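The values are calculated or read from the model by the stated rules, or taken from the named source; none is laboratory data. Just so it is clear, the model here is predicted, and its values are computed rather than measured. Note that each Cβ is placed from the backbone with ideal geometry, even for glycine, and that neighbours are counted across all protein chains shown. The accessibility values were calculated without ligands, DNA or RNA, using every heavy atom of the protein model including side chains. Shrake-Rupley method; radii C 1.70, N 1.55, O 1.52, S 1.80 Å.
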Amino acid sequence: MNLLEECKGAERIGISGHIRPDGDCIGSCMGLYLYLKKELPQTQIRVFLEKPAEIYRCLSGIEDVDSTYGEQKKFDVFFALDAAADRLGEAQAYFEAAGKRINIDHHISNARGCGDVNYVDPQASSTSELVYRLTAGRPLDGEIAKALYLGMVHDTGCFQYSCTGPETLRAAAELISYGFDFSRLIEETFYEKTYLQTQILGRALLESIRFMDGRCVVSVLSRKTLDFYGVGPQDLEGIVSQLRSIKGVECAIFLYETRGQEYKVSLRSTQKVDVAAIASYFGGGGHARAAGCTMLGTAYDVINNLSLHIERQLDGEEKPKTGSALAGGDDEERRAECI
Ligand code: 5GP
Ligand code: MN
């Protein structure tokens with residue numbers, strides 16, 4: 001795909017990413033936004049995202065992000081980044097109505113893409129890496145490079161997770177050559193936590209439970225606990241990765257209650273479990289080693305249902321197949337519904 005060719009003649013371009021935007025979602029959207037603004041100065045370019053967390057204030061142009069979704073006029077081109085259309089939240093309507101819909105993503109659960117033009121590579125570390133690839137041959141600047149680098153750092157766990165490849169590191173090398181303070185960027189957006197975030201992490205770790213001979217670990221935060229500490233979803237990032245780091249753990253589960261008997265589920269695995277297959281079965285998606293979904297029921301129901309699938313994979317009873325393959329299977333064990 002040739003980015004600038006696809007945007008040729010467009011007067012209004014829109015960009016958005018998934019609900020509860022994470023580092024890669026924000027980095028790729030802002031990188032693309034800044035890049036298109038630079039390359040197409042005559043074109044009106046808008047970027048829509050749910051309110052980005054404070055840590056992302058360091059990105060240039062972040063104040064232009066529209067979280068009110070008040071726009072009425074149709075877009076000539078609309079980009080869905082790091083997600084399929086059904087995870088764009090309020091921006092989904094802009095995407096669906098656009099003259100041309102472009103989807104750039106790296107989720108295996110969205111392997112086919114959902115646009116008129118699709119650039120989906122499940123092997124890529126991040127959507128930011130894909131945006132970087134699409135800018136090939138054109139000069140960037142320090143602000144574009146910083147946004148894309150941030151996205152790559154967040155989705156690769158600072159270039160540690162198995163999704164990191166030679167191409168990722170080559171891209172990172174090119175990006176830092178634009179001369180931003182990458183060390184500070186990593187410290188301030190990836191490692192640094194507020195005191196509250198540290199407290200809730202501690203609470204989640206303290207109350208975690210290991211099962212399946214220590215191969216699985218789960219932690220649950222109820223609405224009541226979240227309200228007590230006064231924390232929101234943006235304060236919970238990193239908890240599930242910490243659970244996965246426990247020695248002997250093959251699969252980590254982290255749940256937090258979004259409302260009565262509704263849980264946002266995060267799954268992480270080390271080597272064996274394909275968590276994208278499990279999340280897809282329950283109506284969510286993601287990657288083989290990091291995935292998520294939303295489930296209804298008591299925490300006990302949710303954990304029981306998830307652990308059945310994990311156990312089957314660990315015992316080799318179930319050949320993991322990401323996507324729809326598991327859907328429509330034996331539903332009897334499903335006491336919690338998926339949405
Ligand atoms: P997290 O656990 O950090 O929320 O998400 C891990 C990965 O799974 C991310 O790539 C995220 O985009 C994806 N993911 C999380 N929740 C959902 C969901 O409900 N649906 C889909 N399709 N993907 C999800
Ligand atoms: Mn991503």
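Structural remarks
- The set of residues from segment 279-305 being within 11 Å of ligand 1 (Cβ to nearest atom), among the aliphatic types (A, V, I, L, M) and not in a loop (DSSP other than H, G, I, E, B) comprises Ala279, Ala290, Ala291, Met295.
- For segment 269-280, the tally of residues that are without any contact (Cβ under 8 Å) to a residue 60 or more places away in the chain and either within 16 Å of ligand 2 (Cβ to nearest atom) or under 10 Å from His107 (Cβ atoms) (or both) stands at 1.
- Single unsatisfied condition, Lys51 versus (1) within 16 Å of ligand 2 (Cβ to nearest atom); (2) closer than 23 Å to Ile186 by Cα; (3) in a loop (DSSP other than H, G, I, E, B): (1)
- Restricting Cys29, Cys58 to those that are open to solvent by 10 Å² or more (accessible area, probe 1.4 Å) and closer than 25 Å to Glu187 by Cβ reduces the list to Cys58.
- The set of residues from segment 9-47 being within 13 Å of ligand 2 (Cβ to nearest atom) and part of a strand (DSSP E or B) comprises just one member, Gly17.
- Scanning segment 32-44 for residues that are touching a strand residue (DSSP E or B) at 6+ places or on another chain (Cβ under 8 Å) and buried (at least 24 other Cβ atoms within 10 Å of the Cβ) yields Leu32, Tyr33.
- In segment 15-44, the residue that is nearest to ligand 1 (Cβ to nearest atom) out of those that are among the hydroxyl-bearing types (Ser, Thr, Tyr) and in contact with a Gly (Cβ under 7 Å, 6 or more places away or on another chain) is Ser28.
- Residues (of a type in the set (Ser, Thr, Tyr), open to solvent by less than 10 Å² (accessible area, probe 1.4 Å) and not in a strand (DSSP E or B)) located in segment 200-237: none
- Segment 160-176: number of residues that are part of a loop (DSSP other than H, G, I, E, B) and touching a residue at least 24 places away in the same chain (Cβ under 8 Å): 5
- Qualifying residue in segment 61-80 (condition: of a type in the set (Val, Ile, Thr), within 16 Å of ligand 1 (Cβ to nearest atom) and surrounded by fewer than 24 Cβ atoms within 10 Å (Cβ to Cβ)): no
- Test result for Glu96, among the acidic types (Asp, Glu), touching a residue at least 24 places away in the same chain (Cβ under 8 Å) and either part of a helix (DSSP H, G or I) or out of contact with any Lys or Arg (no Cβ under 7 Å at 6 or more places or on another chain) (or both): no
- Looking only at segment 54-86, and only at residues there that are of a type in the set (Gly, Ala, Ser) and assigned to a loop (DSSP other than H, G, I, E, B), the one that is nearest to Glu129 (Cα to Cα): Ala83
- For segment 238-255, the set of residues classified as more than 10 Å from ligand 1 (Cβ to nearest atom), open to solvent by 30 Å² or more (accessible area, probe 1.4 Å) and either modelled with pLDDT under 95 or under 25 Å from Ile55 (Cβ atoms) (or both) consists of Gln242, Arg244, Ser245, listed by residue number.
- Selection within segment 103-133 - within 12 Å of ligand 2 (Cβ to nearest atom), open to solvent by less than 40 Å² (accessible area, probe 1.4 Å) and of a type in the set (A, V, I, L, M): Ile104, Val120, Ala124, Leu130, Val131
- Scan of segment 281-300 for residues that are buried (at least 24 other Cβ atoms within 10 Å of the Cβ), away from ligand 2 (no atom under 12 Å from the Cβ) and within 13 Å of the chain's Cα centre (by Cα), ordered by number: Cys293
- For segment 256-268, a residue qualifies if it is surrounded by 24 or more Cβ atoms within 10 Å (Cβ to Cβ) and either in contact (Cβ under 8 Å) with a residue 40 or more places away in the chain or more than 11 Å from ligand 1 (Cβ to nearest atom) (or both), and the qualifying residues are Tyr263, Val265.
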